[in-house]
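Asks: My structure is below; once you've seen it, I'll send some questions.
The values are calculated or read from the model by the stated rules, or taken from the named source; none is laboratory data. Owing to the predicted nature of the structure, the values given are computational and were not obtained by experimental measurement. Backbone-built Cβ (ideal geometry, glycine too); neighbour counts: all protein chains shown. Calculation scope for accessible area: heavy atoms of the full protein, side chains included, ligands and nucleic acids excluded. Shrake-Rupley method; radii C 1.70, N 1.55, O 1.52, S 1.80 Å.
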Amino acid sequence: MILTLLRYTCRDCSRILLPTARIEQYCDRLKRLGKDKGPDVMRKKLKDIITASKSSGKCPHCKAKQKKIMLEKPSTFFEDDKRISPIEIRSRFEKLNDGDIELFGLNPAAVRPEWMILTVLPIPPVTMRPSITLETGERSEDDLTHKLGDIVRINQRLFENINAGAPEIIVEDLWDLLQYHITTFFDNDVAQLPPARHRSGQPLKTLSERIKSKEGRIRHNLTGKRTNFSARTVISPDPMLGLSEVGVPDIMAMKLTVPERVTEWNINYLKEFVRKGPKSYPGANYVVRPDGKKKKLTDDTVEASVEELQPGYIVERHLMDGDIAMFNRQPSLHRMSMMCHSVRVLPCKTLRLNPAVCFPYNADFDGDEMNLHIPQTEEARAEAELLTLVGTQMISPRYGLSVIGCIQDAISGNYILSRNDFSMSKSEAIDLLASVGVIDVSKLPKKDTVSGKEIFSVLLPDDFSFSGRSRSREEPDVVIKSGRLVSGVMDKNNLGEGSGLLLRNLHKKYGRQFALDVLGKMFKLGIAVLMKRGFTTALSDTDLPQEAKLQIQGVFQRAEQDVTELVAQYNSGRLDILPGRTLRETLELKILEVLNKARDETGKIVAMNVESYSHTVVMAISGARGTPLNLAQMAGCVGQQALRGKRIENGYNGRTLSCFRRDDLSPEARGFIKSSFKSGLKPAEFFFQSVVGRDALMDTALRTPKSGYLYRRLANALQDLKVEYDETVRDSGGRIVQFVYGEDGIDVSKSEGGVLNIKRVVSEVLEK
Ligand SMILES: [Mg+2]
Ligand SMILES: [Zn+2]
C-alpha cells in the first residue's frame, strides 16, 4: 500500500499523478459503483490507469519531475538511489487530500495513509501476555513480552546514541534493528527477514502467528475445540456385544468419569468408589466439595476423602457398564454418524462395536478410529438417550428402511439355517437358541428333528405376518404366517441393512426396543449356525466339471467368430451404422455387446455347474459377500476390461502392446481377458487388468474429496430450510421453496423405501 501510494502520487504536491479531469471522472465512477464494490474495483484498476497515463514522468499538477520509487523488502524505500526515511514518507502522506485517498480504495473517514507509519506503539495489556510460573518456581515470560522488551531496549539505545552524536552508520544500524523488532512483533514470518528466535532456537510466536493457520486462534480455538471426557482409538468388531453397546477399554474407563452427587441414600455406595481411589476399578478420580473445590484422589488422600464425604459432595467415579456415551465416526455425514450407546467396560485397548452398526457409521476395521464422549449432566444424558440411542436411529430418515441389519457371516448363517435342507435334532436346536440368548423355546414343534425354518421362527412374535421377496431363485417368496416362517429363505434382502421390509415391519409393529433385540438375536443366531456347521471358503469351491469347461470354451469360440465377422464387415464396409455413431463407434459397441454376452453366458454356466452348497456360492447367493459375477470371474473368465466405458485403445501406435499386430481389433488385443482368476492371467491380460485397476483407484482417490466438498456446499445451502406449520418448505427469510415437502408431501422416514405401498395398506386394513 505504501509503495503504491508513493509511486502514484507526486513527490512535491502529493496529488495523484493524473490530470484533474481524469481524477473527477474516476471519482464519479467510484460514486456510481457504490460503497460496497467501488473501493475494491478502484484498487484493482488504479495501477493500470496510472501506468497507462504516466508518460512524461512529470506531475500534471505542479510539473515536478518524478523519481523512480523502489521497495527493498520488507520495509526500506528508495527514491532513485536515495533512501527515503519513514519521516519523509509520513510527511508526504499527510499532504494527500481526501478525494485522492478514496481512489486508492481507502475510506478517509476511517483511515489516513500516514497512519501506516507508526509514531507510537500500542502495548498490549499483561492479560494478553501472561507470565507463567513454572513448577520449579522459575518465571517464564510470554513471547510478546520478550519482543516488547527487545523493542524498548533497542529504542533506548537508539535514543542515547542519537543524543550522544554517534556516527551516522551506528545510528542507522540501530534504526534498522528497531525496525526489525517492530516488524517481527507484528509478524514473525516475513519472507525476507530471519524470524526472531528464543535462545533455544525456537521461533517466537508473535501477533500474527497467534491468529493465522491451523494452530492459530481461529482454526484451533474457535472453529474447533478439544473437549474433556472424550476418547479416541482404533475400533474392532465384537458380535457378542448388544447392538446399542460400545466396548470401552478398561484403561479408558479409569480416565473417563461420571459425576455423581452424594445423597444420604447413595453415600455408602459412593464411598466404595472413593475408597478404591483412582488406581483400582471401579474407583473415582476426584471429589468435588459443595463449595466447588475439586480434590484429586491419591493414595494419601483416599482415607481422608472417604471420611469427609457427605451429602452435597460430587464423586467423579470411573465409567461403568450401563453408562451412556456418544459414539462417533468421521466424516459425520448424517445423523446416524453420532449415536448414543451404553458402555460395556472390556479388557484390551480398542473400542468395540457390534458389526451390525458398521453401516450407519460407514465403519470397517482396517484401522478406522472412532470417538467417544461421556455426557456429564443428567440433562445431557437424557437428551442423548432419548434422541440418539441406536434404537431410535434404526429407520433411516433418508429412505425409511432399516440402516442397521445383519452383515457378512450373519447373513450366510441365516441363509443356511432357513434353507429347506437344514434340520437338526431338537436338543441341538435348543442349544443353538440358548447360545444366542433365547430362553423360551416352547415354540419349537414337539418332534425329535426340527427344521431350520422352525428354529428361525422362534425369534418371531406369534402375531407377526409378513410377505416379502428373497434373492433366491428357488424360494423367491418369503411368507411369514402367525410368527412362522412358512416359505422363503432369509438373505440380504430381508435381513440386510438398507433393504427389504422385514426389519421395517418388525420395527413398525413392535417398536424399536423389540426390533433391535430381535435383530441382535438374528445376528447372533446366524453366526452360531456357522459356528456349529463350520464355514470356510476354498479354491475347490469354484471347481467346474470338465463338460462345463468345454461349454465355456465353446461360448468363447462363438464370440470370437462373431467378433471376427464384425471386423470383417467393418473392413469391407458392410457394417450397418447405428444412428448417431461413426462406423468405428458402431463396431466397438457391437463388439462390446458380443463380449459382454459371452461373459454373462459363462456366468450362467458357472452358476449352474458350481457346487451350489459350497460356501463361496452361499456367500454370493445370500448377498453376504461377493456377487455371482465374481464367482464367474474366478471359475470361468474375467471378461472385457473396460476403460472409461470403452475397450482399451491406448498404448503404442495403432496397438495396445507391442506383442500385437497393428490395427488388430480382435478381443484379446483390446483388453478381453479369456482366462479366469483361478487359472491365472497371461502377461498381456495381467497388463490390461492393471490398466483398469489403476484407473479405478485414481478415480476413487480423486472423487472422494470432490464429492465431500460438493456435499458440504449442498448441506450449507439447505441447512435453514424447514417445513412450516402450513406444510410449505421455507428458508429463513420465509420465502417458499416448495409448496409441499418433496413436492409430494411424503415423510420419507415413514415410507417404505421412499414410496407408499398402497397394496399393503389396503391388505392391512382388510385384515382388520
Ligand atoms: Mg476403513
Ligand atoms: Zn505535483
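Asks: Looking at the range 656-668, can you tell me whether even one residue there is in a helix (DSSP H, G or I), touching a residue at least 24 places away in the same chain (Cβ under 8 Å), assigned by TED's automatic domain parsing to the domain that holds GLU593 and under 22 Å from VAL555 (Cβ atoms)? Can you show your working first?
Replies: From the range 656-668, those in a helix (DSSP H, G or I) are 667-668; that's our starting set.
Subsequent filtering for residues that are touching a residue at least 24 places away in the same chain (Cβ under 8 Å) retains 667.
From the residues that got through so far, the ones that are assigned by TED's automatic domain parsing to the domain that holds GLU593 too are 667.
Now narrow it down to the ones that are under 22 Å from VAL555 (Cβ atoms): 667.
The answer is yes, given that some residue of the range 656-668 is in a helix (DSSP H, G or I), touching a residue at least 24 places away in the same chain (Cβ under 8 Å), assigned by TED's automatic domain parsing to the domain that holds GLU593 and under 22 Å from VAL555 (Cβ atoms).
Asks: Scan the range 528-558 for residues that are of a type in the set (D, E, K, R) and out of contact with any helix residue (DSSP H, G or I) (no Cβ under 6 Å at 6 or more places or on another chain) and jot them down.
Replies: As a first pass, look at the range 528-558 and keep what is of a type in the set (D, E, K, R): 532-533, 541, 543, 547, 549, 558.
Answer for the range 528-558, where residues must be of a type in the set (D, E, K, R) and out of contact with any helix residue (DSSP H, G or I) (no Cβ under 6 Å at 6 or more places or on another chain): LYS532, ARG533, ASP543, GLU547, LYS549, ARG558.
Asks: Consider the range 57-97. How many of its residues are of a type in the set (S, T, N, Q) and more than 11 Å from LEU3 (Cα to Cα)? Steps first, please.
Replies: Initial filter on the range 57-97 (of a type in the set (S, T, N, Q)): 66, 75-76, 85, 91, 97.
So of that shortlist, the ones also more than 11 Å from LEU3 (Cα to Cα) come out as 66, 85, 91, 97.
So the answer is 4.
Asks: Then there is this: For the range 407-501, please list each of the strands (runs of 3 or more DSSP E) lying entirely inside it that holds at least 1 residues being open to solvent by 40 Å² or more (accessible area, probe 1.4 Å) and either of a type in the set (S, T, N, Q) or in contact with a helix residue (DSSP H, G or I) (Cβ under 9 Å, 6 or more places away or on another chain) (or both).
Replies: Numbers: elements: 423-425, 449-451, 466-469, 477-481, 484-487.
Those strands (runs of 3 or more DSSP E) span 423-425, 449-451, 466-469, 484-487.
Asks: Could you check how many residues of the range 146-175 are closer than 22 Å to HIS198 by Cβ, free of Cβ contacts under 8 Å to residues at least 40 places away in the same chain and surrounded by 14 or more Cβ atoms within 10 Å (Cβ to Cβ)?
Replies: Within the range 146-175, residues that are closer than 22 Å to HIS198 by Cβ, free of Cβ contacts under 8 Å to residues at least 40 places away in the same chain and surrounded by 14 or more Cβ atoms within 10 Å (Cβ to Cβ) number 5.
Asks: Based on what the data block shows, is CYS340 over 30 Å from PRO290 (Cβ atoms) and either in contact with a Lys or Arg (Cβ under 7 Å, 6 or more places away or on another chain) or away from ligand 1 (no atom under 16 Å from the Cβ) (or both)? Walk me through how you get there before you give the answer.
Replies: On the way: over 30 Å from PRO290 (Cβ atoms): yes; either in contact with a Lys or Arg (Cβ under 7 Å, 6 or more places away or on another chain) or away from ligand 1 (no atom under 16 Å from the Cβ) (or both): yes.
Judged against the criteria, CYS340 is a match.
Asks: Cβ-Cβ below 8 Å, separation at least six or inter-chain, first residue in the range 357-371 and among the charged types (D, E, K, R), second near ligand 1 (Cβ under 10 Å from one of its atoms) and in a strand (DSSP E or B): which pairs?
Replies: Matching pairs, first to second residue: ASP368/ILE235; GLU369/ILE235.
Asks: Turning to a different aspect of this structure: Would you check which residues across the range 178-208 are touching a helix residue (DSSP H, G or I) at 6+ places or on another chain (Cβ under 9 Å), hydrophobic (A, V, I, L, M, F, W, C) and more than 15 Å from ILE151 (Cα to Cα) and list them?
Replies: Result: VAL190, LEU193.
Asks: Can you pull out every residue in the range 358-391 that is in contact with a helix residue (DSSP H, G or I) (Cβ under 8 Å, 6 or more places away or on another chain) and more than 15 Å from ligand 1 (Cβ to nearest atom)?
Replies: LEU372, PRO375, LEU386, THR388, VAL390, GLY391
Asks: Would you confirm whether any residue within the range 206-213 is closer than 19 Å to MET128 by Cα and in contact (Cβ under 8 Å) with a residue 24 or more places away in the chain?
Replies: First, the residues of the range 206-213 that are closer than 19 Å to MET128 by Cα: 206-212.
Still in the running and in contact (Cβ under 8 Å) with a residue 24 or more places away in the chain: 206-207.
Yes - at least one qualifying residue is present in the range 206-213.
Asks: Among the helices (runs of 4 or more DSSP H) contained in the range 121-212, which hold 3 or more residues that are among the aliphatic types (A, V, I, L, M) and modelled with pLDDT of 90 or more?
Replies: Values: elements: 143-163, 168-186, 207-211.
Where helices (runs of 4 or more DSSP H) fall fully within the range 121-212 and carry at least 3 residues being among the aliphatic types (A, V, I, L, M) and modelled with pLDDT of 90 or more, they are 143-163, 168-186.
Asks: Give the range 705-741 a look and list any residue that's open to solvent by 90 Å² or more (accessible area, probe 1.4 Å) and within 30 Å of LYS646 (Cα to Cα), or say none.
Replies: Matches in the range 705-741: LYS706, TYR709, LEU710, TYR711.
Asks: Hey, another quick one. With respect to LYS674, is the statement that it is more than 28 Å from GLU497 (Cβ to Cβ), within 37 Å of the chain's Cα centre (by Cα) and basic (Lys, Arg) true?
Replies: Details: more than 28 Å from GLU497 (Cβ to Cβ): yes; within 37 Å of the chain's Cα centre (by Cα): no; basic (Lys, Arg): yes.
So LYS674 does not fit the description; no.
Asks: Residues of the range 536-562 being in contact with a Gly (Cβ under 8 Å, 6 or more places away or on another chain) and farther than 18 Å from ILE621 by Cα, which ones?
Replies: Taking the range 536-562 and keeping what is in contact with a Gly (Cβ under 8 Å, 6 or more places away or on another chain), we get 544, 552.
Across the range 536-562, the qualifying residue is only ILE552.
Asks: Among the numbered conditions (1) farther than 26 Å from ILE407 by Cβ; (2) touching a strand residue (DSSP E or B) at 6+ places or on another chain (Cβ under 6 Å); (3) of a type in the set (A, V, I, L, M, F, W, C), tell me where LEU501 comes up short.
Replies: The one condition LEU501 does not meet is (1).
Asks: Output the qualifying pairs, or none if there are none: Cβ atoms under 6 angstrom, residues six or more apart or on different chains, first residue in the range 506-534 and within 20 Å of ASP440 (Cβ to Cβ), second residue part of a helix (DSSP H, G or I) and open to solvent by 10 Å² or more (accessible area, probe 1.4 Å).
Replies: Sorted first by the residue in the range 506-534, then by its partner, the pairs are ALA515/HIS507; ALA528/SER435; VAL529/ILE416.
Asks: Kindly indicate the residue of the range 523-547 that is crowded, with 18+ Cβ neighbours inside 10 Å and modelled with pLDDT under 85 and also nearest to VAL458 (Cα to Cα) among those meeting that condition.
Replies: First pass over the range 523-547, keeping only residues crowded, with 18+ Cβ neighbours inside 10 Å: 523-530, 541-542, 544.
The next check asks that each one be modelled with pLDDT under 85; those that pass are 541-542, 544.
On the way: ASP541: 32, THR542: 35, LEU544: 38 Å.
So the residue we want is ASP541.
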